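Let me begin by presenting the structure, written as structure tokens, before commenting on it.
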Amino acid sequence: MSRSFRPRSMVGGDLHWAWKLYDFYGQIDKVYGVKAFEDGDGFANAAAILNLLENFAAITYLVLLHVCKSEIAPLFGYTASTVTLAKTILYLTQEYFCGWCAIGHNEFTDVLYYWIGPNIVWCILSSMTMYKLGGDIILSLRRDKPALKEE
């Protein structure tokens, strides 16, 4: 969310008070820091667009599931989880292919606790959600499929 208010949410900005804790992450991952913004690095802003898609799908899933009681809800939940997994893989591979350009300045323990660990959690949780909702979608498709007639 703070990316959509850049640079106002960053150090020196009038909205920085709401994102003070985010400064720490900007120090771990330079992609989200002030220097990347000043250098015109568009990765964080591009990721924010994916965040909007992810959040739209997740909120739609919750509304369809709990408010509308719609059978299409799992499709939106599956989509949100797919975007979460894809974004996380994108972050990991982007960092690998640039030679750890945004996190390589950290001690290994900091990278492990604040970058690798959370990304592993996102991969596991989104994969588990995809597995569960994918199973629900398959069952729904099988249930609604007309039986084949034998000749």
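The values are calculated or read from the model by the stated rules, or taken from the named source; none is laboratory data. If you're wondering where the values come from, they're calculated on a predicted model, not measured in any experiment. FYI the Cβ positions are ideal-geometry reconstructions off the backbone, even for glycines, and counts take in every protein chain you see. Surface areas here come from the heavy atoms of the whole protein model, side chains and all, with no ligands, DNA or RNA. Shrake-Rupley method; radii C 1.70, N 1.55, O 1.52, S 1.80 Å.
Could you order PHE24, PHE76 by accessible surface area, starting with the largest, using a probe radius of 1.4 Å? It would help to have the intermediate numbers written out before the result.
Numbers: PHE24 95, PHE76 60 Å².
From most accessible down to least: PHE24, PHE76.
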- request: Specify which residue in the list PHE108, MET130, ASN55 is farthest towards the positive end of the charge dipole of region 1-145, using unit charges on the beta carbon of Lys, Arg (+1) and Asp, Glu (-1), about the Cα centre.
  value: MET130
statement: Of region 70-84, those with amide N under 16 Å from the point 7 Å along the Cα→Cβ vector of LYS132 are 73-82, 84
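Normalising by the residue count of the chain, find the relative contact order in percent from Cα pairs under 8 Å and 6+ residues apart.
Values: 124 pairs, mean separation 31.8, N = 151.
The value is 21 percent.
Where in the chain lies the longest segment free of trypsin sites (Lys or Arg not before Pro) that are both loop residues by DSSP (not H, G, I, E, B) and have at most 12 other Cβ atoms within 10 Å? Provide the component values of the computation, followed by the final result.
Working: sites that count: LYS20, LYS69, LYS149.
That gives 70-148 as the longest site-free run.
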- request: Report the full-extension gain for the segment ARG8 to GLN94: residue separation times 0.36 nm, less the Cα-Cα distance, to one decimal in nm.
  value: 28.3 nm
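Determine the relative contact order of region 72-143: mean sequence separation of Cα pairs under 8 Å and six or more apart, normalised by residue count, in whole percent.
On the way: 35 pairs, mean separation 43.0, N = 72.
This gives 60 percent for region 72-143.
So for region 1-90, averaging the separation of alpha carbon pairs under 8 Å that are six or more residues apart and normalising by length, what relative contact order in percent results? Don't skip to the answer; put the middle values down first.
Values: 75 pairs, mean separation 17.7, N = 90.
This gives 20 percent for region 1-90.
Give the value in nm², to one decimal: projected area of the alpha carbon convex hull of the chain, averaged over all directions.
Working: hull surface 50.3 nm².
That works out to 12.6 nm².
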message: Suppose the Debye formula is applied to equal point scatterers at every Cα of region 90-144; what is log10 I(q)/I(0) at q = 0.14, 0.20 Å⁻¹?
response: -0.53, -0.76
